[in-house]
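> One structure, as structure tokens, below. Some questions next.
Values in this text are rule-based calculations from the coordinates and carry no lab data. This structure is a prediction, so every number in the text was calculated from the model and none was measured. All Cβ positions, glycine included, derive from the backbone under ideal geometry; neighbour counts span all protein chains shown.
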Amino acid sequence: MPTRLPQPELSSLRLRLREPREDDAPALFAIHSDPQVMRYWSCPAWTRPAQAEQKLAEIRRQRRELDILVWAIADARSDLLIGSSAVFAMNLEQGRAEIGYSLHRDWQGRGLASEALRMILRHLFDGMGLRRIEADIDPRNLASCRLVERLGFVREGTLRERWQVNGECADSALYGLLRRDFIDPQATYAQGHAGAPAR
């Protein structure tokens, strides 16, 4: 059965964003079983490898039945899954959606999450014509907050004690990004050179 929404492969020199595959299960489990990576998620860290297989099966089902996009963030050289990003709660008529993302701890701190999100946001705004993207982030997750703010997201409010995970209540910082506020160096470069004389 075909997926409801086509999902193009996106790539840069360092990353390949593609459909998740069954053989991604071990790498996906390595991310979601890490308590440090999962510290600020709305669900606890995984404890069984079968949870990764179940998640991949769920992604395949969602891609068939729902308006959802899920990219495996893979290293361009090895094609190893090092993270993932999902675009969900999509309302195509209203032109908005919500985005989430994760990255293996060993690959953090290199600007890779920002690189992946910029490619995805370009597709959502320019390829799909969306006008607004939202993100729900634990306000204690300062690195994630700074990441989306560098992309142009604005913190629009806080929902107190929205999630309860492992007996701990957590707030949600709600972020929104409008197409006109997206900070995209690639687009800025292109605009700055659009009128340059031919050599």
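> After finding the eigenvalues of the alpha carbon gyration tensor for segment 25-64, what semi-axes result from the square roots of 5 times each, listed largest first in whole Å?
Output for segment 25-64: semi-axes of 19, 12, 7 Å.
> Alpha carbon centre of segment 138-184 versus segment 41-90: separation in Å?
If we compute the Cα centre of each part, the gap is 20 Å.
> Rounded, prolate or oblate: which fits segment 1-151, taking a ≥ b ≥ c as square roots of the Cα gyration tensor eigenvalues, rounded meaning a/c under 1.5, else prolate when a/b beats b/c?
rounded
> Would you tally the net charge around Ala97, using a Cβ to Cβ cut-off of less than 15 Å, leaving Ala97 out, and scoring K and R as +1, D and E as -1?
+1
> Just to confirm a number: summing +1 for Lys and Arg and -1 for Asp and Glu over residues other than Arg132 whose beta-carbon lies under 13 angstrom from that of Arg132, what do you get?
Surrounding charge for Arg132 is -1.
> Same structure, new question: Extension gain Ala50-Leu13, at 0.36 nm per residue separation less the Cα-Cα distance, in nm?
10.1 nm
> Tell me the net charge near Glu9. Cut-off is 10 Å between Cβ atoms, Glu9 excluded, with +1 for each Lys or Arg and -1 for each Asp or Glu.
Neighbourhood net charge equals +1.
> Quick check: pseudo-label points 7 Å beyond the Cα along Cα→Cβ at Arg140 and Cys43, how many nm apart are they?
Going by the 7 Å Cα→Cβ label model, 2.1 nm.
> Taking H placed 1.01 Å from N in the peptide plane, check which residues at least 5 places from Ile82 or on another chain put their amide H under 5 Å from its amide H.
Those lying under 5 Å, H to H, from Ile82 are Ile73, Ala74, Asp75.
> Here is a follow-up. Where nothing but the Cβ of Lys and Arg (+1) and of Asp and Glu (-1) is charged, how large is the charge dipole of the chain around its Cα centre, in debye to the nearest 20?
Value, rounded to 20: 460 debye.
> Quote the FRET efficiency, to the nearest 0.05, computed for Thr158 versus Asp34 with a Förster distance R0 of 25 Å and r equal to the Cβ-Cβ distance.
FRET efficiency, Thr158 to Asp34: 0.40.
> Where in the chain is the longest stretch that carries no GluC sites (Glu not before Pro) classed as loop by DSSP and with at most 14 other Cβ atoms within 10 Å?
For GluC sites (Glu not before Pro) (loop position, at most 14 other Cβ atoms within 10 Å), the longest site-free span of the chain is 94-199.
> Please give the contour-minus-distance gain from Gln186 to Asp171: 0.36 nm per residue of separation, less the Cα-Cα distance, rounded to one decimal in nm.
Length gained, Gln186 through Asp171: 2.0 nm.
> Same structure again: How many nm separate the modelled label positions at Gln94 and Ala76, each set 7 Å beyond the Cα in the direction of the Cβ?
Reported label-point gap for Gln94 and Ala76 is 3.7 nm.
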